[in-house]
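Below is one structure; the comments refer to it alone.
FYI, it's all coordinate maths here, none of it is from the lab. Computed from a predicted model, the values in this text were never measured in an experiment. Please note: Cβ atoms are built from the backbone with ideal geometry, for glycine as well, and neighbour counts cover all protein chains shown.
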């Protein structure tokens, strides 16, 4: 690949590289001027020669951002990250990134354009956490593009995500209201009662509870192994069970004797259903919390029943996930520390647990000191 250098009358240097386009077979020439010295021009020419030798210019000239993101998902993320993570990246790209950038070329994504995208999400009212997650997707994709030498730098580097992380007040059922809720749940339907009671007693996510199999339950030792989650949108039984939300979500927890007794009774009930339905029962799923025929409970059924039970209990409307928070608050009220709660809930770090439940902990602490104050005042009088 011949390179020529030329000095112009104004003292500036220029390089010219002659090469053959590997796709068209035609002879082409690449040149640039404005260098202060020949050595400076030579250094720049060597960089360009490397790019041409690796087909940088030809292969990336018209590559669209959306096409590269599709390649990134299929070639570098699929089957190399957890299913939940893959779906998150896929959703960010489909919902946020492609609708905004549309047919923008990969090489045209510059830092200022990317910053405008983040600001656009801010103007649309998305939380800082949501914007951080979207940023993580595109940053990772552009980092791969950089290492593949498809772009000269990562345009997401140095971007600013506006605003502060707003603390979301967690929603949960007050401990005094739990008996009423469970009573109404039992009246509504045994299947819903056992499902929601297990969530309150264990702090499992709804997908973890729905995926619970009898092989994960040791009634003698009173332990439950949480090692998977159920994909409510799965198209086949083979796709029904997926990884837990994070690696830390895999855990073994201890349950109360009371819940172990409930599950022992529940197993007897299920065995009667298995005998009655025989081949119609979904024996292969081995689910603990399921319909009478052994099939999983649809997400819409869980949401609708939970909403109706709350209404019958004269409680405000809450998401099903609030039962996980309810369990955490019960643990705090019982005097458990954040480390224990972190491990029981399967959080990646104690910081996550503290961030979510610190204000609840402070509320409980204040109530405790108020009771102590009342007690001391009675002693003093």
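The alpha carbon centroids of region 313-356 and region 80-153 are separated by 32 Å. In terms of surrounding Cβ atoms within a 10 Å radius of their Cβ, 138, 310 rank from fewest to most as 310, 138. For region 79-147, the orientation-averaged shadow of the C-alpha convex hull comes to 5.0 nm² (one quarter of the hull surface).
For 175, 300, 249, the sequence from fewest to most other C-beta atoms within 10 Å is 300, 175, 249. Across region 7-153, counting alpha-carbon atoms alone, Rg and Dmax equal 19.4, 62 Å.
The Cα atoms of region 175-368 cover 56, 38, 34 Å along the three principal axes, with the biggest extent listed first.
Entry note, the chain: the mean residue ellipticity at 222 nm calculated from DSSP H runs of n ≥ 4, each adding -39500 (n - 2.57), is -16000 deg cm²/dmol after division by the residues and rounding to the nearest 500. Could you give me the percent of Cα pairs per 10 Å distance bin for region 65-111, shortest bin first, beginning at zero and ending with the bin that holds the maximum distance? Final binned percentages: 27, 51, 22, 1. Taking other Cβ atoms within 10 Å as a rough exposure proxy, 358, 305 sort from fewest to most as 358, 305. Coordinate range of the alpha-carbon atoms in region 161-248 per principal axis, descending: 50, 39, 30 Å. The orientation-averaged projection of the convex hull spanning the C-alpha atoms of region 249-296 amounts to 4.1 square nanometres.
Helix 111-123 and the longest principal axis of the C-alpha atoms of the chain enclose an angle of approximately 30°.
Packing, as the average of other Cβ atoms within 10 Å across residues, places the peptides 227-234, 34-41 in the order 227-234, 34-41, highest first.
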